[in-house]
Amino acid sequence: MASEYETLGMPSFRLDGKVALITGAGTGIGAGTALAFSAAGAEVVLVARTQCNLDQVAEVIRGRGGQVTTVVCDVTNRVAIRDVISALPRLDILVNNAGINFPEPMLEVTDEHLDIAIDLNVRACFVTAQAAVRKMLGNSGPDTGVIINVSSQMGHVGSPNRTAYCMTKHAVEGLTKAMAVELAERGIRVNTLCPTFVDTPMVRKIVDTPEKEAFLVSKIPMGHMAKMEDIIGAALYLAGPSARMVTGTSLKVDGGWTAQ
């Protein structure tokens, strides 16, 4: 009789044959995730508002032999993003990455900033996920689809100068749990990816003084910001077959920030 260990399947991080749509894919985490998913064998659909940014990412992917499509779309346009997703021949993975943050004291948050944050971080996240679910339910097999809502460590804690952002990311966490429970029997997994501060040019524009950097690093037990590779590695895990029993949870890539 064969040992149970002889038939044990090894974890796979391949995405061959999968189609993944990534919003906010022109820069930062979205672009990095697109590159990682393509390297793992997925066909990627990149969505963002700026064509030149999408072209830069797509050029790298094509240069490495990957399959990529770019779509210019503002995800806060509900009709537009629904049309984009509905027109896809197939969709297996959604990375709901588009988002915004206005770091400012609560008393300085304007109605305009509040509306923008809620519209992009919450409403657009819901609408995009809803459209993706409708498309995924047309897939056959037990693994109908995967949705990764890019949240934040700020979806689990509070922080000064981030009231609106924390509010929206806490909402994404609640949405994710509810979707995961509702859709589990339909074969769709839903999780959040929750980064800490990632050392990118965009973050450096916010963390623009030694004092700001010292404050945030003091909150990270590991003593440094995350690298892009840390975040996209976690996204690759959540998207792939190795995470087939993972749904309704948050993968915090935060160096221990929220453990305190």
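Taking the criterion of being within 15 Å of the chain's Cα centre (by Cα) and farther than 23 Å from residue 226 by Cβ, the only residue of region 180-204 that qualifies is 189.
Show me the helices (runs of 4 or more DSSP H) found entirely inside region 74-191 where at least 3 residues are crowded, with 17+ Cβ neighbours inside 10 Å and among the aliphatic types (A, V, I, L, M).
Values: elements: 78-86, 111-118, 124-136, 163-183.
Once the helices (runs of 4 or more DSSP H) in region 74-191 are filtered for at least 3 residues that are crowded, with 17+ Cβ neighbours inside 10 Å and among the aliphatic types (A, V, I, L, M), what remains is 78-86, 124-136, 163-183.
If you go through region 186-228 and pick out every residue that is hydroxyl-bearing (Ser, Thr, Tyr) and without any contact (Cβ under 8 Å) to a residue 40 or more places away in the chain, you end up with 2. Total residues in region 63-73 satisfying the condition of being under 20 Å from residue 28 (Cβ atoms) and either among the aliphatic types (A, V, I, L, M) or surrounded by 13 or more Cβ atoms within 10 Å (Cβ to Cβ) (or both): the figure is 7.
Of all residues in region 14-33, those being crowded, with 23+ Cβ neighbours inside 10 Å, closer than 20 Å to residue 124 by Cα and in contact (Cβ under 8 Å) with a residue 40 or more places away in the chain number 9. Selection of region 200-223 for residues being of a type in the set (Ser, Thr, Tyr) and part of a helix (DSSP H, G or I) yields only 218.
For region 26-81, the set of residues classified as modelled with pLDDT of 95 or more and on the phi > 0 side of the Ramachandran plot consists of 41, 65, listed by residue number.
Within region 176-226, the set of residues being closer than 30 Å to residue 143 by Cα and either modelled with pLDDT under 95 or basic (Lys, Arg) (or both) comprises 177, 186, 189. Pairing each residue of region 60-84 that is within 20 Å of residue 33 (Cα to Cα) with any residue that is aromatic (Phe, Trp, Tyr) and surrounded by 17 or more Cβ atoms within 10 Å (Cβ to Cβ), provided the two are 6+ apart or on different chains, yields no C-beta distance under 6 Å.
Listed by first and then second residue, the pairs linking a residue in region 162-176 that is among the β-branched types (Val, Ile, Thr) to a residue that is at pLDDT below 95 and assigned to a helix (DSSP H, G or I), with Cβ atoms under 8 Å apart and 6 or more places separating them unless they lie on different chains, form an empty list. Of all the residues in region 72-109, those that are touching a strand residue (DSSP E or B) at 6+ places or on another chain (Cβ under 7 Å) and among the acidic types (Asp, Glu) number 1.
Going through (1) closer than 29 Å to residue 201 by Cα; (2) in contact with a Leu (Cβ under 7 Å, 6 or more places away or on another chain) one by one, residue 20 falls short only on (2). Exactly one of (1) surrounded by 20 or more Cβ atoms within 10 Å (Cβ to Cβ); (2) out of contact with any strand residue (DSSP E or B) (no Cβ under 9 Å at 6 or more places or on another chain); (3) of a type in the set (A, V, I, L, M, F, W, C) is unmet by residue 225. Its number? Unmet condition: (2).
The values are calculated or read from the model by the stated rules, or taken from the named source; none is laboratory data. Here the structure is a predicted model, which means the values were calculated and not measured. Backbone-built Cβ (ideal geometry, glycine too); neighbour counts: all protein chains shown.
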